[in-house]
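Undergrad: I have a structure I would like to understand better, so I am pasting it below and will then ask my questions one at a time.
Nothing in this text is a laboratory measurement; each read-out follows from the coordinates by a stated rule. Small disclaimer: the values here were computed from a predicted structure and weren't measured. Using ideal geometry, Cβ is built from the backbone for each residue, glycine included, and neighbour counts are taken over all protein chains shown.
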Amino acid sequence: MAPVATTFFFYFLSGLAVLGGILVITRKNPVHSALALILTLLAVAGLYLMLYAPFVAGVQIILYVGGIMVLFLFVIMLVNLDKSAKEDQFNKQWLVGMVAAAALLGLFMAVYLKGKYLFPIQEAKLPEQSNVQEVAVSLYGNYMFAFEIASLLLLVAIIGAVVMAKKRI
Amino acid sequence: MAPITTVHYLVVAAALFILGVIGVLTRRNVVIVLMSIELILNAVNLNLVAFSRLYGVQGQVFSIFVITDAAAEAAVGLGILIAFFRNKETVNVDEVDLMKW
Amino acid sequence: MLDYIKSYLDMNATPGQAGNVFWATVYIFVVFGGVSVAVMAMNWLERKALAHFQIRLGPMRVGPHGLLQPIADALKLLTKEDIIPSEADKFVFWIAPLIILCASFTVYIVIPFGPTHAITDLNIGILFMLGVSSLSVLGVVMAGWASNSHYPLIGALRSSAQMVSYEVAMGLAVVSAILMTSLNKTGTGTLSMIGIVQAQQAQQTWFLFKFFPLGFIAFGVFAIAMVAETNRAPFDLPEAESELTAGFHTEYSGLRWSLFMLGEYAAMIAVSSIAVTLWLGGWMRPFPNALAGETWDLVFSLFPGFTFLALAVFCFIGVARMPKHPYFRIQTIGLAGFGAVLALIGLILFAPPVRDRIFDIYWFCIKVAGFMYLYIWYRATFPRYRFDQLMKVGWKVLLPIAVGVLILTAVMGVIF
Amino acid sequence: MTDPTTYLSHLELGQPDKTFLDSNELIINMGPQHPATHGVLRVILKLDGEKVLGTECVIGYLHRGVEKIAEHRTYTMFNPYVDRMDYVAAVSNGLGYCEAVEKILNVQAPPRANYIRVILAELNRLASHMLWLGTHALDIGAMTPLFYTFRDREEILKIFEKYCGARLTTHAFRIGGCQYETYEGFEDDVKKFLDFVPPKIDEYEELLTTNRIWVERTKGVGYISGEDCIALGVTGPVLRASGVKWDLRKAQPYAAYSDFDFEIPIGQNGDTYDRYIVRMQEMRQSLRIIRQAIDRIPEGPIMAKIPKVIKPPVGEIYHSIEAPKGELGYFIVSDGSTQPYRIRVRPPSFVNLQALDLMVRGQLVADVIAVIGTLDIVLGEVDR
């Protein structure tokens, strides 16, 4: 199935993503930030679908939005933030931070303008229907070791999170 | 309008990345800093997936690893946040000035 | 125009696959409208069935046997004052029910009512369903938080913990079913909802009976987890009336509250559809292998018509038993009219061209309706779990069983 | 509305659990408008997550000053008021009051009146326990038993209605006996009821006793030891479920209870499940008593000879009976006039409610509901 109205959806979704990103870093209330982040994540999932990566899009929704963001919201509710919402939201080095970010942006611009012609414009034909199979073959074939390491990482993270969050185990 | 090419996606990814960097560098609230890190990771993922259009499926595999990493990071980060909040009753990064308690 | 419709009807793909935007839109309206009607019917049915479990009559006043009660309820809820607590976070409070509603309705995009009767067939169908249905947790959490009140907050914390925990067991049970789809010559499985049913067709068995009792256990895990996932009795702690008044939607009223209810019932139907698709052969009629052949096909294709005729007969019995009093005249006429409409639909369903197209949808819906009845039955029978017991069941019972079944399924798949 | 923390300030609340976010204690008002507090009980819960650190009951929302009213009414006039205290067991209230006044007057109700009293009081105990079972099960989430128990309670109320015209606040007894002779067919009605109820009780037990979720929700929940019960003055099924064999019907028989053969069911564990079992057994024992009473009911007068104007001698008296919920006592001080100088009621619910805090500490919110249900309180009696 060929995507319809690609241009419109691209600008729509990327607009949503960037808007969400701006809201994330400007909102006072962390819950609003989290909602904005969810917006960004969903928009990015839509962009994945447009890039013929449905499996990554599914994983993005199920893990990021359904898992990680719920964790975030859960923690925001646990730590009562009413007091801190009234305080100054930006740290003292915010000017330095902005300058650094601007510098980074400049770097990106330079790289894009210079390297735009390095990679082929012609897209490789990735069959959408077998996307999941291809990802699976790659994941359990070439990247088997990395996959196992990732599982170990998750185990470590579980233990770490439990140790951190629980005072008395 | 011009057809959407990989460069377009890269620009979106760069914008998200910069937003994330600004968030990390300027915000005081740990939760929002962690969320900004998620933004950065997403920007990276978008780059990876965009390039996987050109060079094959490896980019998508890597983005899955990045998502795994993000989950681990969020779990540990929020765990630290809870431990920190329990001791100092605050979630501001610039008040994290003790190495132990 | 007619040719256009005809050409579509002869096509062998879902509108989404065919890239047919017009038909996809039509399907979306039909499916969403159908789900809304099903939710209303389910509402009435739950109240009636629960009442009869509990030696009551249930709604009897609005329409014959309370048939118009859902409409009256909907009107009442729509016209009710919409209260937003003054201390609430208005925007989040406003958007939370919409998120739940969207999450539970978006799922229907990939539900296959028949080989071509789906809005579209994503090749990550089941992943999409699980992912989107997990979004409703967000709505619950946001509703609880935005109300700025203790009971909703506790309800939200409970339900987010509950839904996230049971998602794990549910996902693992689903994986073992997906593993079964790969038991063919090429060894490639599928995540597509239509592909899963077709795999059952190809393997000549429902996955419920595959590797008996493995499929059965996986189905059982899913069936329990899906009740917990939709916050229904006996896992209805987030909205445990006796403990938390109404859980996360305590502060909601009127239209917004009805959106929560709509979302909840839609989610119930959606997860039941997953269960039917994965284990009960989706749109397939019972015993396609044992009772094969033209005759049996014909017999089973008469079921839809007979079902509606039976419902019509029920209505006419009800008409006969109506009290012969002028007060009940309108109700009697209404019930008779309803019966007549049902009988007419039944007769239409006997017509061969309709019969052949409605056949799959009928069997799918009947299986889902069975699950809906189970939900009501659970609610009438079981007391409520306590939170720690619920977590214990989720993590210490269902999860190990699901992992064990998954491993055993993989082993069996390699052996056979 | 007072700030809930002021109530809690004098409470010695347990140390917060360090395993959770201890900076985040929740103080929750459960009630007075809450589906599971059986009326207008307000419980202030101090929670640590889901764990209960302490409770404080705030009562008095239904206070009507019944005891004060008594000081301005004659003994006869006050009789209907007592029905309004424990309104689900009005007959027992009336029985206790009438017997207390009879005791201070030093008259004896005739045997037939005593038998009628026993039959009605035991029927009332059944009704009370049925109502308890239905609401308790509803609190724990099982909806259906409520309707079953109400269906069967209806039969009892029908008998009451036929006997004295009232279903709930019966005012069935008078000082000195009963006002009404049993109506025609009373014995048949009661006998029919006796055959009707045992299968129904089996039905309730079928629904709950072996139901896994029910057992998990009630076993080990709300434990209270026999010593604690005695120390707090807890009586009734709650006391008996903790293994103390104490029933006023046996310990100091009143009315005609000494004539009957019945057992006192006791439990061992003192948890919610045992209290449930004890009450179910008590229902069967009540049926046994009613059957004996209806078989042996003597003929004779139903009213003792008492003066038209009741003027008890100066003095004080305490009389208590075993109401469905525990020891229901009346302390009457008479100054020799037609009106009591003071009447103090010892309501079982009020005293049993004291045990709530002890029973729920360290347990979960859901257990508070179960324990409030298992204590079987009636707020009309707690607040009087």
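Undergrad: With contacts defined as alpha carbon pairs under 8 Å and 6 or more residues apart, what's the relative contact order of chain C in percent?
TA: 21
Undergrad: Still on this structure: What are the ³J(HN,Hα) values, in whole Hz, obtained from phi via the Karplus relation 6.51 cos²θ - 1.76 cosθ + 1.60 with θ = phi - 60°, for each residue of segment D:172-177 in sequence order, with x given for Gly and Pro?
TA: Per-residue couplings from phi come out as 7, 10, 10, 5, x, x Hz.
Undergrad: Between D:Gly54 and residues 5 or more places away or on another chain, which pairs have amide H atoms under 5 Å apart, with H built 1.01 Å from N, and which residues are they?
TA: D:Lys46
Undergrad: Right, another one. Normalise the Cα radius of gyration of segment A:1-81 by 2.2 N^0.38 Å (N = residues in it) and let me know the number.
TA: Against the compact-globule rule of thumb, the ratio is 1.20.
Undergrad: Name the helices (complete DSSP H segments) of chain C with a Cα length along the long axis of 18 Å or more and a Kyte-Doolittle mean of at least -1.0, or state none.
TA: Helices passing the filter in chain C: C:21-53, C:90-106, C:150-181, C:214-229, C:254-279, C:303-321, C:329-350, C:352-381, C:399-415.
Undergrad: For the protein assembly as shown, give the magnitude of the charge dipole about the Cα centre (Cβ charges: +1 Lys/Arg, -1 Asp/Glu; no others), in debye to the nearest 20.
TA: Approximately 740 debye in magnitude.
Undergrad: Ok, one more. Counting partner chain Cβ atoms within 10 Å of every residue's Cβ in C:129-138, what's the average?
TA: Mean partner-chain Cβ count within 10 Å for C:129-138: 6.
Undergrad: Which trypsin sites (Lys or Arg not before Pro) does segment B:3-82 hold that lie in a coil by DSSP with at most 14 other beta carbons within 10 Å?
TA: none
Undergrad: Right, another one. Would you mind listing how long segment C:284-384 runs along its three principal axes, going by Cα atoms, in whole Å with the largest first?
TA: 54, 46, 17
Undergrad: How far is helix B:58-88 tilted off the main Cα axis of chain B, in degrees rounded to 10, range 0 to 90?
TA: Once rounded, one gets 10 degrees.
Undergrad: Related question: So what are the ³J(HN,Hα) numbers for segment D:76-87, from phi and the Karplus equation (6.51, -1.76, 1.60; θ = phi - 60°), rounded to whole Hz, Gly and Pro as x?
TA: 5, 5, 6, 3, x, 5, 5, 4, 7, 7, 8, 6
Undergrad: Still on this structure, I have one more. Put +1 on the Cβ of every Lys and Arg and -1 on every Asp and Glu Cβ in segment C:49-147; which of C:Val110, C:Leu138, C:Leu75 then has its Cα farthest towards the positive end of the dipole?
TA: C:Leu75
Undergrad: With equal scatterers on the alpha carbons only and no solvent term, can you work out the Debye log10 of I(q)/I(0) for segment C:30-126 at 0.16, 0.21, 0.23 1/Å?
TA: The computed values of log10 I(q)/I(0) come out as -0.94, -1.07, -1.12.
Undergrad: A follow-up question, please. How big is segment B:27-89 by Rg and Dmax over its Cα atoms, in Å?
TA: 14.9, 50
Undergrad: Now a separate question. Once you put a point 7 Å from the Cα of D:Phe196 and another 7 Å from the Cα of D:His63, both along the Cβ direction, what distance in nm separates them?
TA: A separation of 4.2 nm, rounded to one decimal place.
Undergrad: What's the center-to-center distance, using Cα atoms, between segment C:244-303 and segment C:333-377 in Å?
TA: If you average the Cα positions of each part, the centres end up 14 Å apart.
Undergrad: Still on this model: How do C:319-331, D:198-210 rank on mean C-beta neighbours within 10 Å, highest first?
TA: D:198-210, C:319-331
Undergrad: With a cap of 15 neighbouring Cβ atoms within 10 Å, and only residues DSSP puts in a loop, list the trypsin sites (Lys or Arg not before Pro) found in segment D:239-269.
TA: Within segment D:239-269, the qualifying trypsin sites (Lys or Arg not before Pro) (loop, at most 15 other Cβ atoms within 10 Å) are D:Lys245.
Undergrad: Let me ask another. Working from Cα positions, state the angle (0 to 90°, nearest 10) between the long axis of helix D:272-296 and the longest principal axis of chain D.
TA: Its long axis makes an angle of about 10 degrees.
Undergrad: Can you check how the C-alpha radius of gyration of segment D:86-237 compares to 2.2 N^0.38 Å, as a plain ratio?
TA: Expressed relative to 2.2 N^0.38 Å, the Cα Rg reads 1.21.
Undergrad: Which distance in Å, rounded to a whole number, links the C-alpha centroids of segment A:1-76 and segment D:158-232?
TA: 60
Undergrad: Calculate, axis by axis, the spread of Cα positions in segment D:291-384 along the three principal axes, and write the results as whole Å, longest axis first.
TA: On the principal axes, segment D:291-384 reaches 56, 41, 17 Å in Cα extent.
Undergrad: Please compute one quarter of the surface area of the Cα convex hull for chain D and express it in square nanometres. Please list the in-between numbers first.
TA: Details: hull surface 76.7 nm².
Quarter of the Cα hull surface area: 19.2 nm².
Undergrad: Quantify how strongly other chains surround peptide B:46-57 by giving the mean number of their Cβ atoms within 10 Å of each of its Cβ atoms.
TA: Average neighbour count from other chains, rounded to a whole number: 6.
Undergrad: So who's got an amide H within less than 5 Å of the one on D:Arg174, skipping anything under 5 residues away but keeping other chains? H placed 1.01 Å off N, in plane.
TA: Amide H to amide H, under 5 Å and 5 or more residues apart or across chains, D:Arg174 pairs with D:Gln179.
Undergrad: Rounded to the nearest 500, what is the 222 nm mean residue ellipticity of chain D from helices alone, with -39500 (n - 2.57) per DSSP H run of 4+ residues and division by all residues?
TA: Taken over chain D, the calculation gives -15000 deg cm²/dmol.
Undergrad: Ok, one more. As a test of understanding, state the convex hull volume per residue of the protein assembly as shown from its alpha carbons, in Å³.
TA: Values: hull volume 225.9 nm³, N = 1070.
Once divided by residue count, the hull of the protein assembly as shown is 211 Å³.
Undergrad: Measure nothing fancy, just the Cα-based angle from helix D:144-164's long axis to the longest principal axis of chain D, in degrees from 0 to 90, nearest 10.
TA: 20
Undergrad: Right, next: As a quick test, which of the pairs C:Lys90/D:Lys51; C:Lys185/C:Lys210; D:Lys162/D:Lys192; D:Lys219/D:Lys245; D:Lys103/D:Lys311 have an alpha carbon distance above 19 angstrom in this structure?
TA: Going by Cα-Cα distance, C:Lys90/D:Lys51; D:Lys219/D:Lys245 fall outside the 19 Å limit.
Undergrad: When Cβ neighbours within 10 Å are restricted to other protein chains, what is their mean count per residue of peptide D:146-157? Numbers along the way, then the final one.
TA: Numbers: counts 1, 7, 2, 0, 3, 3, 0, 0, 0, 0, 0, 0.
Counting Cβ atoms of other protein chains within 10 Å of each residue's Cβ and averaging gives 1.
Undergrad: Follow-up. Using only the alpha-carbon atoms of segment D:205-245, report the extent along each of the three principal axes, biggest first, to the nearest angstrom.
TA: For segment D:205-245, the Cα extents along the three principal axes come out at 33, 16, 11 Å.
Undergrad: List every residue whose amide H lies under 5 Å from the amide H of D:Arg342, counting only residues 5 or more places away in sequence or on a different chain, with H placed 1.01 Å from N in the peptide plane.
TA: So D:Arg342 has HN proximity to D:Val333.
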